[in-house]
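The values are calculated or read from the model by the stated rules, or taken from the named source; none is laboratory data. These numbers come from a predicted model, not from an experiment. When we count neighbours, we look across all protein chains shown, and the Cβ atoms used for this are built from the backbone with ideal geometry, even at glycine. Quick note on the areas: whole protein, heavy atoms, side chains included, nothing else; ligands and nucleic acids left out. Shrake-Rupley method; radii C 1.70, N 1.55, O 1.52, S 1.80 Å.
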Amino acid sequence: MQQTFEHLLGLPTTAALAILSASGITDVQVVATQAPPRRQPSPADELRSDAGEAQGYASTRVVAVHDDGRKLIVSRFLVAVRQEQPGETLQTAKEEQL
């Protein structure tokens, strides 16, 4: 019987993996995907990275579940973008975070 895991959609990857593990599913393959590049990129787009996620600007979330929960398709989303202060650029704001 095929199970549905729609309740995992939109969750951060770590939360979805924890739920699956609690259900006895531990051999999960995580496949990252990403949206196509924007026609007019924004400086905030570079925050969709491991560093941006570590700083709390981005989150890798579940966008699809396959094979009875054994395969998660995930994508990274911006969840917060710090507002620049007067005289500050995105680069100086990121340097302050380090």
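Tally Lys/Arg at +1 and Asp/Glu at -1 over every other residue whose Cβ is under 11 Å from the Cβ of residue 59; what's the total?
+2
Per residue, how much accessible area does segment 10-51 have with a 1.4 Å probe, in Å²?
On a per-residue basis, segment 10-51 sits at 72 Å².
When Lys and Arg each count +1 and Asp and Glu each count -1, what net charge do the other residues less than 13 Å away from residue 12, Cβ to Cβ, add up to?
On the way: positive: 61, 76; negative: 53.
Local net charge: +1.
Calculate what fraction, in whole %, of the accessible area of segment 21-68 sits on carbon and sulfur atoms when a 1.4 Å probe is rolled over the protein chains.
47
Tell me, rounded to the nearest percent, the portion of alpha carbon pairs in segment 4-78 spaced more than 21 Å apart.
Numbers: 854 of 2775 pairs.
That fraction is 31 percent.
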